[in-house]
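A.B. asks: Next up is a structure, given as structure tokens.
Since every read-out is calculated from the coordinates, none of them should be taken as a lab result. The structure displayed is predicted, hence computed values, not measured ones. A quick note on method: Cβ atoms are made from the backbone with ideal geometry, for glycine too, and the neighbour counts reach across all protein chains shown.
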């Protein structure tokens with residue numbers, strides 16, 4: 001069994017039972033912010049949509065219901081009006097639960113079905129949650145760790161990731177606004193020059209030296225935008241380490 005995957009979902013209690021070190025997060029994937037200077041709000045919305053679903057799954061298992069009966073309940077909820085957040089992510093999660101339930105009915109490995117569903121998902125949040133759910137099933141089956149506590153830890157891990165990314169965006173809001181202002185200043189300066197100098201600015205820009213300076217300034221402005229975007233994107237990379 002993949003020790004790294006187990007460590008990602010085990011938590012302190014499961015770590016004591018299994019000897020596998022606990023982790024503080026959901027997946028080891030990096031999730032970059034969207035756009036040049038934009039926030040990763042959609043990805044946080046995806047995680048927020050999955051948190052209550054995993055929590056409901058954990059609550060049903062903790063109450064004594066079988067895990068696959070709980071999966072059927074949550075899958076039905078994913079298709080109904082109770083589901084919130086990103087509809088595609090919620091429905092994808094529900095469909096994966098239905099596939100896992102069907103797999104155990106025909107004698108196949110439900111954990112493998114969840115891993116395969118994760119591999120076919122284009123959403124990193126959904127894929128990570130499905131892989132960790134599969135690891136929960138494997139760990140509970142192989143080591144006897146209570147599945148309800150593992151699922152509760154998985155829900156907590158998703159929420160912790162959501163909170164961490166929200167805090168990161170709050171910290172980066174100021175630098176992002178400053179970056180946008182600095183990128184816009186050269187264009188504002190050029191516009192003021194046109195207003196104040198009129199025809200003289202056009203004559204200066206049409207001269208050989210003016211064209212060179214205009215091209216150089218434009219290139220530097222584009223380069224600063226790209227470079228600033230890369231800095232902010234790198235700062236937004238969230239990696240949860242085991």
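A.B. asks: By count of other Cβ within 10 Å, fewest leading, how are 71, 221 ordered?
C.D. replies: If I rank by nearby Cβ atoms, fewest first, I get 221, 71.
A.B. asks: Divide the volume of the convex hull of the Cα atoms of region 96-179 by its number of residues and quote the answer in cubic angstrom per residue.
C.D. replies: Details: hull volume 8.9 nm³, N = 84.
Dividing the Cα hull volume of region 96-179 by its residues yields 106 Å³.
A.B. asks: Related question: Quote the convex hull volume per residue of region 170-236, based on C-alpha atoms, as a whole number of Å³. Present the calculation step by step, with values, prior to reporting the outcome.
C.D. replies: Working: hull volume 3.9 nm³, N = 67.
Convex hull of Cα atoms, per residue: 58 Å³.
A.B. asks: Right, something else. Order these by the 10 Å Cβ neighbour count, fewest first: 153, 60.
C.D. replies: Least crowded to most crowded, the residues run 60, 153.
A.B. asks: I would also like to ask the following. Only counting other Cβ atoms within 10 Å, I'd like 78, 136 sorted with the fewest neighbours first.
C.D. replies: Details: 78 23, 136 31.
So the ranking, lowest neighbour count to highest, is 78, 136.
A.B. asks: Next up: Can you give the alpha-carbon Rg of region 63-214 over 2.2 N^0.38 Å, where N counts its residues? Numbers along the way, then the final one.
C.D. replies: Details: Rg = 27.3 Å, N = 152, 2.2 N^0.38 = 14.8 Å.
Against the empirical 2.2 N^0.38 Å value, I get 1.84 for region 63-214.
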